[in-house]
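One structure is given here, and the rest of the page talks about it.
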Amino acid sequence: MKNKSIKTFIGTLLLTLFLAITSCGYLLEEQPRVSFTPEYFKTPEGVNGGLTALYAHLRDLYGHGYYYGSCVVGTDEYTYGPINNGNFLPHDMSGAVLQPTNSRSDVVWNTVFAYINTASGVIENAAGVGLSDALIAEARFFRAFDYFLLVQTFGGVPLDLGSGKLMFNVTPSRTSVRNTVPEVYTEAIFPDLLTAINDLPETGRVIGGLTKTVARLYLAKAYLTYGWWLENPNDIPTYPECARTDPDGHDAKWYFQQAYDIAVEAIKNPGPFGLLDNFYQVNLGSNDRNKEILLYADHNWLSEKYNEGGLGYAGGSQRENFACWMTTWNYTTLRSGGVASLQREICQNMGRPWTALAVPHEVINNTFAEKEKDSRYDGTFVTTYRGNWQKGGISAPTVTNANGMTVPQSGLILTFLPDESLASQITYPSGAGANLIAAGEIPGRADYVITPNATRRVMSPSLWKIGPYREDNGTGLGNSGAASHRPWNIAKFSELYLIAAEAAVKGAIEEAGFSTLECVNVLRARAGKWSFNNAENAAKTDDYSADMVAATPQNIDINYILMERSRELFGEGYRWYDLVRTQKWAEFAATYTIVETGTLFYYADTNGPVPPTTITRTIEKYHYLRPIPQVQIDGMEATADEKAAYQNPGYN
């Protein structure tokens, strides 16, 4: 790789927090070092430090707000909001052109090669310092993890960082050669993950540590993705150009079968993992690090050192968990009789508003069409807002809200309605003392309301599942400028059912009890079991699991699987990769509807909702690969033609 990559490798590790396992074996006790040299890698402390760096590097990607945007914007899940358009608008494929200089997938390229090299350093030096096979397997997992992320994002990438394929490199290099997609999978990803499955323990050596189950999930997913690549149903180009043949002589069907078998094996042998009883509990802040989460980028609110981010204020730096800001609209703009009844509070249904992403109408109306019985809409979005003005120092016992009615502290101020059934009853107040967000009123209701078709770029339901959570707010608002201190969930046990179902749809021979229908219905039945209703802020113990199962079509196709993936994993950063893997991006996301207000600001006077606009995206086949960052191209010692040939086609 270029010199910058090697410098990044060394510089990053200078600041990394390193691991010292305590005698009880449960805690990550991280100690900073002032130097980290190739010679240090040949010591037990150095190799263990490298392993800790591999865990820590997850924070560089997961929770990073701009990389997160590149994973969801331009899909059927999200479009850009009015803020930070330079980071998100190009990925929407509806206006600005996606280029090597503005793609935020650059976060992946500019981060992971350093850690791939770290993993290779651990693997090469492990035997000399007596490292166990289980610990070496952790390095192998992370090397495969990073290469899998790269190959999905950019196509073929370099296996040789300067010292030979998959060799630890200590010599700066400004040259680079990209390997083909089959080479990356068969020489790097598959062998490392197979070794990881064999050598990793059933239960992690520390809380959040790697296990056989997470390695099985990623190998199953890699086999599934490679099977799609070999099949190439929509003739999507690859780069570097190569034949769609497997070096080991297997066809796509073989890989789909492997994906299915390994996913089912993981479900049958879960170790300490498994599904929770209801969907709400999976993403509840007070229930983080639960048994459904196989891998996460950890954070905490006890120490800035261990959090790798400010506890009182954050500026959106790379290792802070600030993605939740992007999906949060500026609810603090709302006024109730001139009073700011919704104060910025660090809690899961509020948080710091950046209004950078917006939900298209199709998400509310189509993806989550069933809201009464399927708990996943309620367990994904914030749809009601309750007054908290007293926490902000406003002593008034009540405020004047919709229809001139009073609302007490913690009373309902605003509701995003689930459908359009009440639209004909809504009127819209006018005048400078109105709610300032153009929300409507329904006779007899004290809360302002917004229908799905009235949501817009400046205001759509926030993403509850990734909202911030702290235990030390007390009776106050909390540190409103802080990033989230929650771990970012990267891999979930539930995805194993979806991988098995997708592989079966692609032709894998099914086992008894693990048919496509049965795998999908495990999650749909769980979605029908309620324990809490976010919208009503109250316990709910209804069980609609039988209704959810009865509503599942008997003949499931890939489109249905993709919709179930969105309902189960909405807004968690999977969607662009899902649509690219299945070559369904253009089919699912070519158009969307949203209200365009034409301003960053809210307005008080209105005669009714602004009509929605249908937006068309231009998604070309070459867009199924992201551009290689321009900084990589500029840093190479190569001719202009060689640099042009290094870039993915369509982006020169």
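Can you pull out the residues in the range 302-324 that are within 23 Å of LYS391 (Cα to Cα) and modelled with pLDDT of 95 or more?
CYS324, the sole residue that qualifies.
Could you count how many residues in the range 178-236 are touching a Leu at 6+ places or on another chain (Cβ under 9 Å), closer than 26 Å to ALA645 by Cα and assigned to a helix (DSSP H, G or I)?
Adding up the residues that qualify gives 6.
Residues in the range 449-483 that are more than 17 Å from THR380 (Cα to Cα) and either without any contact (Cβ under 8 Å) to a residue 60 or more places away in the chain or not β-branched (Val, Ile, Thr) (or both): how many? First the steps, then the outcome.
Here is the first cut: in the range 449-483, the residues more than 17 Å from THR380 (Cα to Cα) are 449-451, 453-454, 456-458, 470-483.
Now restrict to residues that are either without any contact (Cβ under 8 Å) to a residue 60 or more places away in the chain or not β-branched (Val, Ile, Thr) (or both): 449-450, 453-454, 456-457, 470-474, 476-483.
Of the residues in that region, 19 qualify.
What tally of residues in the range 461-495 results from selecting those that are more than 19 Å from TYR67 (Cα to Cα), in a loop (DSSP other than H, G, I, E, B) and of a type in the set (D, E, K, R)?
Residues in the range 461-495 being more than 19 Å from TYR67 (Cα to Cα), in a loop (DSSP other than H, G, I, E, B) and of a type in the set (D, E, K, R): 3 in total.
Kindly indicate whether any position in the range 79-90 is of a type in the set (Ser, Thr, Tyr) and part of a helix (DSSP H, G or I).
Within the range 79-90, the first condition is being of a type in the set (Ser, Thr, Tyr), and the residues that meet it are 79-80.
When the remaining residues are screened for being part of a helix (DSSP H, G or I), the result is none.
No, because not a single residue in the range 79-90 is of a type in the set (Ser, Thr, Tyr) and part of a helix (DSSP H, G or I).
Could you check GLU572 against (1) under 21 Å from the mean Cα position of the chain (by Cα); (2) surrounded by fewer than 17 Cβ atoms within 10 Å (Cβ to Cβ); (3) touching a residue at least 60 places away in the same chain (Cβ under 8 Å) and say which number it fails?
All conditions are met except number (2).
Here is a list of conditions, (1) over 30 Å from ALA439 (Cα atoms); (2) among the hydroxyl-bearing types (Ser, Thr, Tyr); (3) under 21 Å from the mean Cα position of the chain (by Cα), and SER566 meets all of them except one; can you say which number that is?
Result: SER566 passes all but (1).
This table checks each residue for (1) crowded, with 24+ Cβ neighbours inside 10 Å; (2) among the small types (Gly, Ala, Ser); (3) farther than 20 Å from ALA503 by Cα; (4) touching a strand residue (DSSP E or B) at 6+ places or on another chain (Cβ under 9 Å).
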residue	(1), (2), (3), (4)
ARG216	yes, no, no, no
ALA222	yes, yes, no, no
TRP229	no, no, no, no
ASN232	no, no, no, no
ASP246	no, no, no, no
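When you look at ALA259, is it under 25 Å from the mean Cα position of the chain (by Cα) and buried (at least 18 other Cβ atoms within 10 Å of the Cβ), yes or no?
On the way: under 25 Å from the mean Cα position of the chain (by Cα): yes; buried (at least 18 other Cβ atoms within 10 Å of the Cβ): yes.
Here the answer is yes, as ALA259 does meet what is asked.
Could you run through the range 60-77 and say how many residues are assigned to a loop (DSSP other than H, G, I, E, B) and either assigned by TED's automatic domain parsing to the domain that holds GLY315 or of a type in the set (Val, Ile, Thr) (or both)?
Start the filter on the range 60-77 by keeping residues that are assigned to a loop (DSSP other than H, G, I, E, B), which leaves 62-64, 74-77.
Going one step further and asking which of them are either assigned by TED's automatic domain parsing to the domain that holds GLY315 or of a type in the set (Val, Ile, Thr) (or both), we end up with 75.
Counting residues in the range 60-77 that are assigned to a loop (DSSP other than H, G, I, E, B) and either assigned by TED's automatic domain parsing to the domain that holds GLY315 or of a type in the set (Val, Ile, Thr) (or both) gives 1.
Rundown of residues vs (1) at pLDDT 95 or above; (2) within 22 Å of the chain's Cα centre (by Cα); (3) surrounded by 22 or more Cβ atoms within 10 Å (Cβ to Cβ), yes/no style:
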position	(1), (2), (3)
VAL47	no, no, yes
TYR55	yes, yes, yes
GLY65	yes, yes, yes
GLY69	yes, yes, yes
VAL72	yes, yes, yes
TYR78	yes, yes, yes
MET93	yes, yes, yes
THR101	yes, no, no
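Residue by residue through the range 158-186, note down the ones that are farther than 24 Å from ASN125 by Cα and either charged (D, E, K, R) or without any contact (Cβ under 8 Å) to a residue 40 or more places away in the chain (or both).
Across the range 158-186, the qualifying residues are ARG174, VAL177, ARG178, GLU183.
I need the full set of residues from the range 318-344 which are closer than 13 Å to PRO468 by Cβ and surrounded by fewer than 23 Cβ atoms within 10 Å (Cβ to Cβ), in order please.
Going residue by residue through the range 318-344, those that are closer than 13 Å to PRO468 by Cβ are 320-328, 344.
Hit for the range 318-344 is ARG344, nothing else.
Hey, can you tell me all the residues within the range 443-460 that are more than 20 Å from TRP325 (Cβ to Cβ) and either of a type in the set (Val, Ile, Thr) or not in a loop (DSSP other than H, G, I, E, B) (or both)? Even if it seems obvious, please write down each step before you answer.
The initial filter retains those residues of the range 443-460 that are more than 20 Å from TRP325 (Cβ to Cβ), namely 443-454.
Those that are more than 20 Å from TRP325 (Cβ to Cβ) and either of a type in the set (Val, Ile, Thr) or not in a loop (DSSP other than H, G, I, E, B) (or both): TYR448, VAL449, ILE450, THR451, PRO452, ASN453, ALA454.
Return yes when LYS506 is basic (Lys, Arg), farther than 28 Å from ASN287 by Cα and more than 23 Å from the chain's Cα centre (by Cα) and no when it is not.
Working: basic (Lys, Arg): yes; farther than 28 Å from ASN287 by Cα: yes; more than 23 Å from the chain's Cα centre (by Cα): yes.
Spelling it out, LYS506 is indeed basic (Lys, Arg), farther than 28 Å from ASN287 by Cα and more than 23 Å from the chain's Cα centre (by Cα).
Mind checking whether some residue in the range 515-533 is modelled with pLDDT of 95 or more, touching a strand residue (DSSP E or B) at 6+ places or on another chain (Cβ under 9 Å) and over 14 Å from PHE279 (Cα atoms)?
No, the conditions are met nowhere in the range 515-533.
Residues to consider are ARG244, ARG216, ARG205; find the one that is more than 23 Å from the chain's Cα centre (by Cα) and in contact (Cβ under 8 Å) with a residue 40 or more places away in the chain.
It is ARG205.
With respect to the numbered conditions (1) buried (at least 23 other Cβ atoms within 10 Å of the Cβ); (2) farther than 30 Å from ALA222 by Cα, which one is the sole condition not fulfilled by ASN489?
(2)
If you scan the range 509-554, which residues turn out to be surrounded by fewer than 15 Cβ atoms within 10 Å (Cβ to Cβ), of a type in the set (A, V, I, L, M) and either outside the structural domain of GLN348 (by TED's automatic domain parsing) or out of contact with any Phe, Trp or Tyr (no Cβ under 8 Å at 6 or more places or on another chain) (or both)?
ILE509, ALA512, ALA546, ALA550, ALA551
Could you please find all residues in the range 409-429 being farther than 23 Å from SER460 by Cβ and loosely packed, with under 14 Cβ neighbours inside 10 Å?
If the condition is that a residue be farther than 23 Å from SER460 by Cβ and loosely packed, with under 14 Cβ neighbours inside 10 Å, then SER410 is the only one that fits.
Would you mind finding the one in TYR306, TYR296 that is in the same structural domain as THR541 (by TED's automatic domain parsing) and part of a helix (DSSP H, G or I)? It would help to see each step written out before you state the result.
Values: TYR296 fails: part of a helix (DSSP H, G or I).
After applying the criteria, what remains is TYR306.
Take the residues of the range 127-161 that are part of a loop (DSSP other than H, G, I, E, B) and crowded, with 23+ Cβ neighbours inside 10 Å: which is modelled with the lowest pLDDT?
Filtering the range 127-161 down to residues part of a loop (DSSP other than H, G, I, E, B) leaves 130-132, 155-159, 161.
When the remaining residues are screened for being crowded, with 23+ Cβ neighbours inside 10 Å, the result is 155-157, 161.
Details: GLY155: 98, GLY156: 98, VAL157: 98, LEU161: 93.
In this case the residue turns out to be LEU161.
Of the residues GLY351, GLY315, which is touching a residue at least 40 places away in the same chain (Cβ under 8 Å) and either crowded, with 24+ Cβ neighbours inside 10 Å or part of a loop (DSSP other than H, G, I, E, B) (or both)?
On the way: GLY315 fails: touching a residue at least 40 places away in the same chain (Cβ under 8 Å).
Selected residue: GLY351, the only one of GLY351, GLY315 that is touching a residue at least 40 places away in the same chain (Cβ under 8 Å) and either crowded, with 24+ Cβ neighbours inside 10 Å or part of a loop (DSSP other than H, G, I, E, B) (or both).
The rows are residues; the columns are (1) farther than 17 Å from THR333 by Cα; (2) hydroxyl-bearing (Ser, Thr, Tyr).
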{"residue": "ASN366", "(1), (2)": "yes, no"}
{"residue": "ALA369", "(1), (2)": "yes, no"}
{"residue": "TYR377", "(1), (2)": "yes, yes"}
{"residue": "ARG386", "(1), (2)": "no, no"}
{"residue": "LYS391", "(1), (2)": "no, no"}
{"residue": "ILE394", "(1), (2)": "no, no"}
{"residue": "THR427", "(1), (2)": "yes, yes"}
{"residue": "SER460", "(1), (2)": "no, yes"}
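If you take the residues of the range 318-348 that are of a type in the set (S, T, N, Q) and assigned to a loop (DSSP other than H, G, I, E, B), which of them is nearest to the chain's Cα centre (by Cα)? Lay out the reasoning, then the answer.
Step one: filter the range 318-348 for residues of a type in the set (S, T, N, Q), giving 318, 321, 327-328, 330, 332-333, 336, 341, 343, 348.
So of that shortlist, the ones also assigned to a loop (DSSP other than H, G, I, E, B) come out as 318, 327-328, 330, 341, 343, 348.
Working: GLN318: 15, THR327: 12, THR328: 15, ASN330: 22, SER341: 31, GLN343: 27, GLN348: 17 Å.
Filtering the range 318-348 for residues that are of a type in the set (S, T, N, Q) and assigned to a loop (DSSP other than H, G, I, E, B), the one nearest to the chain's Cα centre (by Cα) comes out as THR327.
The values are calculated or read from the model by the stated rules, or taken from the named source; none is laboratory data. These numbers come from a predicted model, not from an experiment. Using ideal geometry, Cβ is built from the backbone for each residue, glycine included, and neighbour counts are taken over all protein chains shown.
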